[in-house]
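Accompanying notes for the structure given below.
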Amino acid sequence: MPSAPEPARPHGALYPYLRPRLSLGDPLRLVLLGATGSIGLQTLDLVKRNPGRLQLAAVSCRSRVDELAAALAELEAAQPDAPRVLIAVTDANAREQAARIPGWRDRLLSGGEAGLIEAVTQSESPSCLVNALVGAAGLAPTLAGAARGLRIALANKESLVVGGELVARAVAAGGAEVLPVDSEHAAIAQCLSGRDPREVARLVVTASGGPFRTTPAPELATVTLEQVLAHPTWRMGPKITVDSATLMNKGLEVIEAHYLFGLPYDRIDVAVHPGSIVHSLVEFVDGALLAQLGTPDMRMPLQYAIAGEIHWPLATGRLDLLRMGPLVFEAPDLDRFPCLRLAREAGLAGGTAPVILNAANEIAVAALLAGRLRYVDVPGVIADTLARLPRGPVEDLPAALDADARARTEAAVQVDARAAAGH
Ligand code: NDP
Ligand code: MG
């Protein structure tokens, strides 16, 4: 009888396959980085909905201080006995504004990235870091959370794209755990719950296909920013919405899945599933397929990760099986969406390749959002940046940040060249 295949990286996987369930005890204290974003605000909503179970230990924003102040005031009024919440504001001007808010000055942490790290390291007995930052800026705080041995509810997939190996090492050294917030990875985690990695044949990450799933290639050259941002099924922050339109988001998620679940790239497939009902699937070695289904609402995977993989009650819209219609799956079109191929290749190459891919993508997305780059030029900026820069290993955080900075400079040159050409 053939034996089950050995897991590719049973010790490298961030996801704690066979883990004991935690029982409900004292309230979980959250360090919430990126509190004013799409995931951040949904986390605050969960704190509001779970007064006995969830508390804030620290929060951060970049510049939207007014939004943070309003949200925090409401929560603190509702939980007057909860310990003091530390506050990090990374933008220098916004931090000055924050220092003038009554009751904030003596709990305001340093500006810049230092404040994010302080939120993780100086908060009082935190149980969980919710990393809802966007971009490579999330990596250092993830590493700090790992070093403190926290549960990390990870929305910031860029942490793993840029520093997957570093996070794996830090998690092992710090005794931390990483639980995915991304809906696809949370779905896979639910399918894997209680399984041994040797039972797993492959992962199938689903993709909505974005707003241009059926758009013919020639028409992609003239799509507007408004069309790019009109995601068919999810309401999210601007960067991931653009990434969903280019399918770069799915490429980043393939790399994220590789580090989380410890499977090689040839056992991580992508299937386009326009309804966003099946959030992802796991195929086992006997051919059995498990899927997780639900409405497209990030609070479900977010709460599941924060709770430590326990299904707490959540009053949201339920999926109506009798009305949801047929489940359709398609192969992704790598010719119309080259970002997915670029990401897979960079992931396979490893080292600084995914760092460069991610940085070039962040620059291209920012230029697109600023109206300086066409949608159709995003893959070219990334491919040319990858082609022009040398590759190397990522031994530590400075190596990752150095490759990130060089790639940003080169990608900006690539964007300028296209802007100057009148595109
Ligand atoms: P948003 O852009 O909505 O929010 C980002 C948050 O991070 C804001 O609080 C913002 O502050 C802060 N921030 C942005 N840049 C920096 C920086 N350089 N330094 C410090 N803080 C910063 O993002 P989303 O919530 O959409 O996404 C967050 C992460 O979650 C991303 O990695 C995304 O891929 C992932 N994700 C998101 C999903 C979603 O539904 N939104 C679904 C699955 C994954 P400010 O508001 O002050 O600018
Ligand atoms: Mg996702």
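Computed values, structure above
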quantity	calculated
Residues of region 20-66 classified as charged (D, E, K, R), open to solvent by 40 Å² or more (accessible area, probe 1.4 Å) and out of contact with any helix residue (DSSP H, G or I) (no Cβ under 8 Å at 6 or more places or on another chain), total	5
Region 235-268, subset of a type in the set (Asp, Glu) and out of contact with any Lys or Arg (no Cβ under 6 Å at 6 or more places or on another chain), residue surrounded by the most Cβ atoms within 10 Å (Cβ to Cβ)	Glu253
Candidate set from region 287-335 (those that are open to solvent by 20 Å² or more (accessible area, probe 1.4 Å) and of a type in the set (Asp, Glu)); member that is farthest from Pro180 (Cα to Cα)	Asp335
Subset tally (residues that are over 20 Å from Gly325 (Cα atoms) and in contact with a Lys or Arg (Cβ under 9 Å, 6 or more places away or on another chain)) for region 285-297	1
Qualifying positions in region 309-324 - of a type in the set (D, E, K, R) and touching a strand residue (DSSP E or B) at 6+ places or on another chain (Cβ under 9 Å)	Glu309
Residue count for region 109-145, restricted to those that are over 14 Å from the mean Cα position of the chain (by Cα), of a type outside the set (Gly, Ala, Ser) and not in a loop (DSSP other than H, G, I, E, B)	9
Scan of region 222-248 for residues that are more than 14 Å from Asp182 (Cα to Cα), in a loop (DSSP other than H, G, I, E, B) and either of a type in the set (Ser, Thr, Tyr) or within 13 Å of ligand 2 (Cβ to nearest atom) (or both), ordered by number	Thr224, His231, Thr233, Leu247
Count - residues of region 146-187 that are within 16 Å of ligand 2 (Cβ to nearest atom) and assigned to a helix (DSSP H, G or I)	9
Residues being open to solvent by 50 Å² or more (accessible area, probe 1.4 Å) and of a type in the set (Asp, Glu) - total across region 397-410	1
Every residue from region 367-396 that is surrounded by 16 or more Cβ atoms within 10 Å (Cβ to Cβ), part of a helix (DSSP H, G or I) and out of contact with any Ser or Thr (no Cβ under 8 Å at 6 or more places or on another chain)	Ala367, Leu368, Leu369, Val376, Asp377, Gly380, Val381, Ile382, Ala383, Asp384, Thr385, Leu386
All positions within region 160-173 that are in contact with a helix residue (DSSP H, G or I) (Cβ under 6 Å, 6 or more places away or on another chain), open to solvent by 10 Å² or more (accessible area, probe 1.4 Å) and over 14 Å from Ala140 (Cβ atoms)	Val171
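The values are calculated or read from the model by the stated rules, or taken from the named source; none is laboratory data. Treat the numbers as computed from the prediction; the structure is a model and nothing was measured. Virtual Cβ from ideal backbone geometry, glycine too; neighbours counted across all protein chains shown. Calculation scope for accessible area: heavy atoms of the full protein, side chains included, ligands and nucleic acids excluded. Shrake-Rupley method; radii C 1.70, N 1.55, O 1.52, S 1.80 Å.
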